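Bear in mind that the values in this text are calculations on the coordinates, not laboratory data. Since the structure is predicted, the reported quantities are computational estimates derived from the model, not experimental observations. Cβ atoms come from the backbone with ideal geometry, glycine included; neighbour counts cover every protein chain shown.
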Amino acid sequence: MRLRMVPAFAVVLLAAAGCAPGKTGGPPAAVPPATTTSGVASPGESSPGTVVPPPASEPAGDGVEYRVSYPFGVPSTPVTVSHSFTPPIAPPPAPPLPYLVGVYVGNHPEGSPPYQRISFYFRGAFPSYRFSYVSGVFQDGTGNPVPLVGNSFLSIVFTTAQAHDNDGASTIVKTPPNPIGFTNLKSYGFAGDFEGYVSYGLGIQVAPGSDQVLKIRAGELKRPDGAGSFFYVVHFDVQTG
C-alpha cells in the first residue's frame, strides 16, 4: 500500500521499482550519529570510502549545483520532480537507493519573500519526489492518520529512495524537534518507508476559518561533506503569511 490521501486531493503514486526490505508504521527512531568509517560502503553510496554523518546543525551558506525545482506556487495537484540515475549509481530497481540521513528546519524572515524551510539530506544521489496539498496524510501500509499540528497539510513522497539499511534499521541520524513551532510551518510527520517510497507530511498553519493557502517552493543542492562526497539536499519552503 502507498500513502493514502482523502479523495479531495488524492495523490496517484506511480509504481516504484523494488528495493531492499524496509519499514512501515511509526516514525523511525533517530539513531546515534555514526562513527566515521573508512572502506565501508553505506546504503546508497556508490563505492567504499569515508562515510561522514550529517552535521549536528544545518550549515549556513550554499552548496553547489543549487536549483529551484518548483518556484513559489500552490501545489493543489501533485507536482512531480524526476531524477534519472547514471553510473556510478545503479539504475533502479537494483539497490542501494538514495537514502535519507537527516532532516533540518530553519526560519528565514530575511528572505524575499520570507519563508520557513524543511530540508531532507540524502546520500548517494537525489531521489525523485512528488508533493501536493492534501486534506490529510495517512500512514503507508496501515492507513492510520499521521498526527500533524496545523490546519493545512502537505504530502511529500520521495521515490526511488529509502530510509533504512540492509538490516532494516533506520539510516536517519538527525531530526529536529517536533512540533517545529514556527508561525506557519508547525510540524512534520513520518508516513512510511517501503518498496522505494519514503513519505512525510507537513502541518502548516493558516488563518483559522480562512481560505488562505500558503505558497510552496522546492529546491535542491549538493552540499560537500568535507570528505570528498556530498549530501544531496531537497528542501521545501513555506512562504510565511
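Just a few scattered comments:
Residue-by-condition table, conditions (1) without any contact (Cβ under 8 Å) to a residue 60 or more places away in the chain; (2) buried (at least 21 other Cβ atoms within 10 Å of the Cβ); (3) not in a strand (DSSP E or B):
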residue	(1), (2), (3)
A125	no, yes, yes
Y129	no, yes, no
Y133	no, yes, no
G136	no, no, yes
D140	no, yes, yes
G143	no, no, yes
P147	yes, no, yes
G150	yes, no, yes
F158	no, yes, no
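- Counted residues, the range 217-241 - those being of a type in the set (V, I, T) and either buried (at least 24 other Cβ atoms within 10 Å of the Cβ) or more than 16 Å from G106 (Cα to Cα) (or both): 2
- Qualifying residues in the range 204-229 (those that are β-branched (V, I, T) and under 17 Å from V149 (Cβ atoms)) - the one nearest to the chain's Cα centre (by Cα): I204
- Scan of the range 187-237 for residues that are touching a residue at least 40 places away in the same chain (Cβ under 8 Å), over 16 Å from Y99 (Cβ atoms) and not in a strand (DSSP E or B), ordered by number: Q205, V206, P208, V213, L214, K215, G226, A227, G228
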